[in-house]
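No value in this document is a laboratory result; all are computed from the given coordinates. Bear in mind that the values here come from a model prediction, so they are computed numbers and not experimental data. Counting neighbours? That spans all protein chains shown, and the Cβs are built from the backbone with ideal geometry, glycine included.
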Amino acid sequence: MMHPADLPETVSVFPLPGALLLPRSRLPLHIFEPRYLQMLDDALKTQERLIGMVQPNPCKSNEGKLHQIGCAGRVTQFSETEDGRYLITLTGISRFRIRSELDAFTPYRRCVVSWEGFDRDLGKVETDKGFDRKQFMNLLERFFASRHLSTDWDTLKDAEDELLVNSLSMLLDFDPEEKQALLEAPCLRTRRETLVTLIEIAMRGGTNEEKLQ
C-alpha cells in the first residue's frame, strides 16, 4: 500500500475520453500509440510506476485542456505483443487535482498535481452503510434487461459494496462527463447515488442535459 509521502509531485497523464479509473479498481488498457508506448516505458523505470488517467475537457472554450481531477494508477500487469504493443493493467491508487501542466520535452503530457483531499483513496476499502443492495440489484437487473446485457449475477451479488459500485461505474456505457461525475464523487455513498441516478435516467431515455443537471 502506498502512503502520501510516496506519491510524486508530477505525473504523466493519459487523456482518454470515457476511460474511468477509481482507487483500488483495475483498468485494462491497450497501448499502441508511440507517445504512450514511451510513457509506459518511462513509467516502468520509476519506483512508483504511476500513470494518471484523466478526461479531456469537452468544452470548446477549453480545447486541449484537461479536467482538473484524475486518478493515478500503478502498472501492476503488462505484456508485450510481437508487434510492440502493450497490454497493461492499472490498479487505481489515488485521485489527484491538476495544478499545472509542464512544458515537458516528452511526447506525452505531464502535470504537477496535488493529492490533498483524497486521503480516503489510500485507506481501507470503503463501505456504504445506507446501501439497499436488494433494491439496487433489482434496478440493475431491469437496466441490463433493457439494454440486452448479460453478466455473472452470482459474482455481482457476492461482491463487496465498493467493488460492485466502482466496477459498474467503470464498465457501464456512460458519457465521459458522467464518468467524470462518478470519479469526483467524494465517497462511495455519493458515487452509488450518482450511479443510481444515471441508470434511472438512462432507462427513461433522458437527454445528456438532463443527466448532467
task = Could you pull out every residue, at least 5 positions away or on a different chain, whose amide H is within less than 5 Å of the one on ILE93? Hs are placed 1.01 Å off N in the peptide plane, and Pro or chain starts have none.
result = ARG24, ALA72, GLY73, ARG74
query = Once amide H atoms are placed 1.01 Å from N in the peptide plane, what residues at a sequence separation of 5 or more from ARG109, or on another chain, have their amide H within under 5 Å of its amide H?
reply = VAL13
query = In terms of Cα to Cα distance under 15 Å, which aspartates and glutamates are near enough to LYS65, apart from those fewer than 8 places away along the same chain?
reply = GLU101, ASP103, GLU177
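How high is the relative contact order of the chain, in percent, counting Cα pairs under 8 Å that sit 6 or more residues apart? Before the final figure, lay out each step's value.
Values: 330 pairs, mean separation 47.1, N = 213.
Rounded, it is 22 percent for the chain.
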task = May I ask you to order 38-50, 64-76, 96-108 by the average number of other C-beta atoms within 10 Å around their residues, highest value first?
result = 64-76, 38-50, 96-108
ask   = How large is ³J(HN,Hα), in whole Hz, for each residue of region 70-80 in order, when computed from phi with the Karplus curve 6.51 cos²θ - 1.76 cosθ + 1.60 and θ = phi - 60°, using x for Gly and Pro?
value = x, 9, 8, x, 8, 5, 10, 8, 7, 9, 10
query = Among GLU178, GLU200, what is the fewest-to-most ranking by other Cβ atoms within 10 Å?
reply = GLU200, GLU178
query = With a 10 Å Cβ neighbour count serving as the proxy for reagent exposure, in which order, fewest first, do MET170, MET137 appear?
reply = MET137, MET170
note = Proxy exposure order for ARG24, ARG85 (fewest C-beta within 10 Å first) is ARG85, ARG24
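Which of rounded, prolate, oblate describes region 133-212, given a ≥ b ≥ c as roots of the alpha-carbon gyration tensor eigenvalues and a/c under 1.5 marking rounded, otherwise prolate only if a/b is larger than b/c?
Working: a/c = 1.84, a/b = 1.18, b/c = 1.56.
Oblate, because a/c is 1.5 or more while a/b does not exceed b/c.
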